[in-house]
Amino acid sequence: MANESRIPIRTTADIVTARQKGRILAMELGFDGSDLTVIATAISEVARNIIDHAKSGEVIITRGNQGGKRGICVVAHDSGPGIADVEQAMQYGYSTRNGLGIGLPGAKLLMDEFNISSVAGQGTTITMRKWRH
Amino acid sequence: MRVPILKQGDYLIASVQSVLSDDDLQLLRDDLADRVGRFRSRGVIIDVTVLDVIDSFATRTLRAIAHMLKLRGAHTVIVGIQPDVAFAMVQLGLTLAGVGTALDLEEGLEYLGGRAHRLHEHRSFGSREEDRLGHPLRTGRHSHEHHSSRPRDEDENDHPGHASQRSLEYGQ
């Protein structure tokens, strides 16, 4: 059991690969039912954010144990332009493009923990976790 | 992978066969826009049964397809959204407002109306005796009561997600 997947994100096909690998790893970590779909959907949103804003980056999916809690950890990292106003980007329905503005705030709704750090000119790192209940 | 599109009478049936990338979805949009004009189609069914994720981009594209085809004179119905997918969509706050949804291909055809209905009966006429008498598994389901004597040639698998998928039928 590898318990870690690193998926380079360069094309929209990589978004599909990332969410498929995420689903498999989540299954290995003991998630089942709708949690698998919820995790895969959240991965899809953060991977797409990489394509849309930074062109390329990577998604790293690992075992996310912390204290007594067991779960999955997803990190989406890029070295793109960064997000100028993170607070605004996390507002549900706000979009800089022709989108729904649901991607990142949506991923936050789907997961138990969601952190985003972005530095202008250096890139964006999103770390999100879901615990097994 | 390109989604195959079948023509059946006045309708087009786009049956998604594998997971779709964003590019595949946009290709589907372009293919449908083209064929609705070419075949003068009145209705389009998009079967998404195999999709294990419908995220914000997929929802936006499906909605755009439906609204675009409406402007071209065709109604669209999305069929086969799985229960877990529906659950994740609701959590994300995604809706298919203004877009028809149905449980499966059979109900999608019914949704689109009479002509496919007649073709459907013709195709399966005399095929299975118990179907003509109404399938016992279906009799307790209100959505089927009004046509319980109609012949059916689709598979008889019950879909556990019936209720949750129904809840997606906003705006109709």
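Restricted to Cα atoms, chain A shows a radius of gyration and a Dmax of 13.9, 42 angstrom.
For B:Leu27 and A:Ile60, what does the FRET efficiency come to when R0 = 30 Å and r is the distance between their Cβ atoms, rounded to the nearest 0.05? Display every interim value, and only then the final one.
Working: r = 30 Å, r/R0 = 1.00.
The computed FRET efficiency comes out at 0.50.
Taking every protein chain into account, the 1.4 Å probe leaves A:Thr124 with about 10 Å² of accessible area, to the nearest ten. Please report the net charge: other residues with Cβ closer than 13 Å to the Cβ of A:Ala42, K and R +1, D and E -1. Result for the local shell: +1.
To the nearest whole number, what is the average tally of beta carbon atoms from other chains within 10 Å of the beta carbons of peptide B:84-91? Provide the component values of the computation, followed by the final result.
Working: counts 8, 5, 2, 6, 13, 3, 0, 8.
For this peptide, the per-residue mean of nearby foreign Cβ atoms is 6.
Residues of segment B:36-71 with accessible area at least 40 Å² lower in the all-protein-chain context than alone (1.4 Å probe)? Buried-area filter returns B:Asp52, B:Val53, B:Asp55, B:Ser56, B:Arg60.
Stokes-Einstein at 25 °C, 0.890 mPa s, Kirkwood radius from Cα pairs: D for segment A:42-103 in µm² s⁻¹? Once the numbers are plugged in, D ends up at 189 µm²/s. Each pair of Cα atoms in segment A:1-67 enters the Kirkwood radius, and Stokes-Einstein at 25 °C and 0.890 mPa s then converts it into a translational diffusion coefficient of 204 µm²/s.
What is the percent carbon and sulfur in the accessible area of segment B:19-108, measuring with a 1.4 Å probe over the protein chains and ignoring ligands? Mind showing how you got there, number by number?
Values: 1610 of 3200 Å².
After summing per-atom areas, the C and S share lands at 50 percent.
Annotation for the A:B interface, with buried accessible surface near 1900 Å², both sides summed [1.4 Å probe; non-protein components not counted]. Each residue of segment B:8-25 was assigned a 3J(HN,Hα) from its phi angle through the Karplus expression (A = 6.51, B = -1.76, C = 1.60, θ = phi - 60°), giving 9, x, 7, 10, 10, 10, 9, 10, 5, 9, 8, 4, 10, 7, 4, 5, 4, 5 Hz with x at Gly and Pro.
Ranked by the mean number of other Cβ atoms within 10 Å per residue, highest first, peptides B:29-35, A:20-26 order as A:20-26, B:29-35. Here A:Lys108 is the anchor, and the lysines within straight C-alpha reach of less than 30 Å, apart from those fewer than 8 places off in the same chain, are A:Lys21, A:Lys55, A:Lys69, A:Lys130.
May I ask for the net charge around A:Ala76, where only other residues with Cβ less than 11 Å from the Cβ of A:Ala76 are counted and Lys, Arg are +1 while Asp, Glu are -1? That sum, taken over residues with Cβ under 11 Å, equals -2.
Per residue of peptide B:101-108, the mean number of Cβ atoms on other chains within 10 Å of the residue Cβ is 0. Average 1/r across all pairs of distinct alpha carbons in segment B:1-61, invert it, and you get the Kirkwood radius: 11.9 Å. When shorter helices are ignored and each DSSP H run of at least 4 residues is given -39500 (n - 2.57), the per-residue value for chain A at 222 nm works out to -12000 deg cm²/dmol.
Counting pairs of alpha carbon atoms under 8 Å apart in space and at least six apart in sequence, what relative contact order in percent does chain A give? Walk me through the intermediate numbers first.
Numbers: 281 pairs, mean separation 33.2, N = 133.
Over chain A, the number comes to 25 percent.
Note: relative contact order over segment A:33-83, using C-alpha pairs below 8 Å and six or more positions apart, is 33 percent. Among complete DSSP H helices in chain A, those whose alpha-carbon atoms stretch at least 18 Å along the helix's long axis and whose mean Kyte-Doolittle hydropathy reaches 0.5 are A:34-54. Legend: calculated FRET efficiency, A:Ser117 to A:Gln91, from the Cβ-Cβ distance at R0 = 25 Å, rounded to 0.05, equals 0.90. Sorting B:101-109, A:102-110 by their mean Cβ neighbour count within 10 Å, with the most densely packed peptide first, gives A:102-110, B:101-109.
For the peptide A:107-114, the mean number of other protein chain Cβ atoms found within 10 angstrom of a residue's Cβ is 1. Accessible surface for B:Arg72 stands near 130 Å², nearest 10, in the context of the full protein assembly shown (1.4 Å probe). Gain on full extension, evaluated as 0.36 nm per residue between B:His67 and B:Phe39 minus their Cα-Cα distance, stands at 8.3 nm.
The values are calculated or read from the model by the stated rules, or taken from the named source; none is laboratory data. Computed from a prediction, not measured in an experiment: that's the story for all the values here. Methodologically, a virtual Cβ is constructed for each residue, glycine included, from the backbone with ideal geometry; neighbour enumeration extends over all protein chains shown. Surface areas here come from the heavy atoms of the whole protein model, side chains and all, with no ligands, DNA or RNA. Shrake-Rupley method; radii C 1.70, N 1.55, O 1.52, S 1.80 Å.
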